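Structure first, commentary second.
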Amino acid sequence: MTSDDIDVTVARVMQQQARVANSHEFINGAVDDVTLAESLYSSLRDASIAERDGIVVGHLRGVILSSEVYGRSAWMNPEGLSYDDVETLEALYVHQAQRWIADGARRHYVWVPTDTASIAPWLDLGFSYMHQRGVRQLEGVSTPEWPIGYSLRRGTIADLETAIALDDHLHEYQEQGPSFSLDLPKGDQREDWTETLEDPTVHHYIVDFDGQPVAQCATFPLPDRVGSFDGTLHLSAVTVREDHRSRGVGRAMVISALLDGRNDGFHFIETNWRITNRSAATYWQNFGFVPTYLRLHRAIGAG
Ligand SMILES: CC(C)(COP(=O)(O)OP(=O)(O)OC[C@H]1O[C@@H](n2cnc3c(N)ncnc32)[C@H](O)[C@@H]1OP(=O)(O)O)[C@@H](O)C(=O)NCCC(=O)NCCS
């Protein structure tokens with residue numbers, strides 16, 4: 001991609017996003033053209049353009065990132081991708097992936113809208129389901145009914161050890177099947193939770209029972225992102241200790257967070273779950289979270 005391709009690419013992404021939003025209630029069709037143009041300009045070497053007869057028919061941008069969790073890997077976001085037909089997508093992917101592999105990035109991730117037409121071409125390229133984002137409105141939430149003996153409070157930095165211990169329960173749960181999320185690095189866990197608990201934009205909630213903390217979750221404002229609406233809260237780290245599950249504790253805790261979010265002027269809330277966390281997938285959809293974007297992944301190697 002060169003700077004000459006930016007205007008046409010921005011126009012393509014804007015049209016595509018408007019089209020996607022038509023069939024997804026919780027996907028925002030608006031795209032800030034200036035921000036997108038700046039972001040493409042700053043990563044021209046990460047993007048390729050496909051042309052047919054001198055007309056642009058697609059683009060693909062993948063940024064290589066190195067992280068402790070995912071290793072050296074290439075990431076594609078919804079605005080990093082447009083194609084007029086599946087053959088164009090395949091050609092773009094092959095072209096880009098060759099460069100990523102040569103650069104040591106053998107794990108490839110892409111976020112796509114959750115519908116068959118958006119997902120299928122990637123499955124044909126050997127990608128598979130990984131992570132699901134879901135969004136719901138904050139309207140229509142009424143005061144939760146708490147099971148007897150449980151009480152909710154806001155966490156502070158004084159709750160650091162509690163937050164880490166409850167986070168360990170979440171990790172242990174995800175290590176079991178069918179998620180089998182093994183080897184999740186915990187090196188930064190203390191640092192991350194310290195930052196979270198000290199961040200004034202984060203709401204951290206703890207549920208106590210008999211003087212013992214048994215559940216937690218956290219919310220924070222979602223940064224601006226293509227596909228998300230302004231005024232969206234992010235919900236994460238939702239955990240209920242195993243011996244307190246299926247009593248309505250999770251529901252009451254999350255509803256309390258939703259009510260706070262609404263009172264603070266937010267309109268939507270987003271959470272995400274591993275596709276393989278089958279009970280969470282059911283739980284969040286029963287809770288009214290509607291799938292928006294899906295993360296697919298491919299690990300290049302033998303096979
Ligand atoms: C997912 C999780 C947070 C839910 O918390 P929870 O306190 O068990 O949830 P609730 O009790 O509110 O609801 C669980 C189920 O019990 C049912 N339930 C609620 N109150 C109940 C009661 N009094 N008696 C029997 N069942 C009840 C709910 O209807 C719900 O069923 P559903 O999943 O079909 O909607 C909890 O199971 C957990 O910590 N799981 C492991 C970690 C995890 O996966 N976290 C989410 C990561 S994305």
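Scan segment 239-296 residue by residue and report those that are under 19 Å from Phe229 (Cβ atoms) and aromatic (Phe, Trp, Tyr).
Within segment 239-296, Phe266, Phe268, Trp284, Phe287, Phe289, Tyr293 qualify.
Residue pairs, Cβ under 7 Å, 6 or more apart or interchain, first in segment 238-257 and closer than 14 Å to Ala280 by Cα, second near the ligand (Cβ under 6 Å from one of its atoms) and among the aliphatic types (A, V, I, L, M). List them.
Thr239/Leu170; Val240/Val249; Gly250/Val238; Gly250/Val240; Val254/Val238
What tally of residues in segment 274-293 results from selecting those that are crowded, with 22+ Cβ neighbours inside 10 Å and either more than 17 Å from Ala215 (Cβ to Cβ) or away from the ligand (no atom under 15 Å from the Cβ) (or both)?
Within segment 274-293, residues that are crowded, with 22+ Cβ neighbours inside 10 Å and either more than 17 Å from Ala215 (Cβ to Cβ) or away from the ligand (no atom under 15 Å from the Cβ) (or both) number 3.
Test Pro185 against the criterion of being surrounded by fewer than 12 Cβ atoms within 10 Å (Cβ to Cβ) and within 16 Å of the ligand (Cβ to nearest atom), and give yes or no.
no
Conditions: (1) outside the structural domain of Ile157 (by TED's automatic domain parsing); (2) touching a residue at least 60 places away in the same chain (Cβ under 8 Å). Ala302 meets all but one. Number of the miss?
(2)
What number of residues within segment 240-261 satisfy the criterion of being buried (at least 18 other Cβ atoms within 10 Å of the Cβ) and under 21 Å from Thr201 (Cβ atoms)?
Total meeting the criteria: 7.
Output the number of the condition that Leu125 fails; it satisfies all remaining conditions of (1) under 26 Å from Glu270 (Cβ atoms); (2) touching a strand residue (DSSP E or B) at 6+ places or on another chain (Cβ under 8 Å); (3) not hydroxyl-bearing (Ser, Thr, Tyr).
Checking Leu125 against (1) under 26 Å from Glu270 (Cβ atoms); (2) touching a strand residue (DSSP E or B) at 6+ places or on another chain (Cβ under 8 Å); (3) not hydroxyl-bearing (Ser, Thr, Tyr), the one that fails is (1).
For segment 149-178, enumerate the residues that are near the ligand (Cβ under 10 Å from one of its atoms) and outside any helix (DSSP H, G or I).
Answer for segment 149-178, where residues must be near the ligand (Cβ under 10 Å from one of its atoms) and outside any helix (DSSP H, G or I): Tyr150, Gln176.
In segment 6-43, how many are in a loop (DSSP other than H, G, I, E, B) and basic (Lys, Arg)?
Residues that pass the stated criteria total 0.
Can you tell which of Arg61, Arg45, Arg19 is in contact with a strand residue (DSSP E or B) (Cβ under 6 Å, 6 or more places away or on another chain) and either farther than 30 Å from Ser181 by Cβ or assigned by TED's automatic domain parsing to the domain that holds Tyr93 (or both)?
Every option except Arg61 fails the conditions.
Tell me which residues, restricted to segment 235-273, are part of a helix (DSSP H, G or I), more than 17 Å from Gly149 (Cα to Cα) and small (Gly, Ala, Ser).
Ala257, Gly261
How do the pairs read when you match residues in segment 168-192 that are more than 18 Å from Asn277 (Cβ to Cβ) with residues anywhere that are more than 16 Å from the ligand (Cβ to nearest atom) and of a type outside the set (A, V, I, L, M), using Cβ under 7 Å and keeping only pairs 6 or more apart or on different chains?
Listed pairs, sorted by first residue: Pro185/Glu68; Gly187/Glu68.
Per-residue answers, yes or no, for (1) outside the structural domain of Asp210 (by TED's automatic domain parsing); (2) more than 16 Å from the ligand (Cβ to nearest atom); (3) within 21 Å of the chain's Cα centre (by Cα):
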site: Thr232; (1), (2), (3): no, yes, yes
site: Ala237; (1), (2), (3): no, no, yes
site: His244; (1), (2), (3): no, no, no
site: Arg247; (1), (2), (3): no, no, no
site: Gly250; (1), (2), (3): no, no, yes
site: Val254; (1), (2), (3): no, no, yes
site: Leu258; (1), (2), (3): no, no, yes
site: Phe266; (1), (2), (3): no, yes, yes
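If only one of Ile164, Ile148 is outside the structural domain of Val20 (by TED's automatic domain parsing) and without any contact (Cβ under 8 Å) to a residue 24 or more places away in the chain, which one is it?
Selected residue: Ile148, the only one of Ile164, Ile148 that is outside the structural domain of Val20 (by TED's automatic domain parsing) and without any contact (Cβ under 8 Å) to a residue 24 or more places away in the chain.
The values are calculated or read from the model by the stated rules, or taken from the named source; none is laboratory data. Only a predicted model underlies this, so the values are computations on that prediction, with no experimental measurement involved. Note that we place each Cβ from the backbone using ideal geometry, even for glycine, and neighbour counts take in every protein chain shown.
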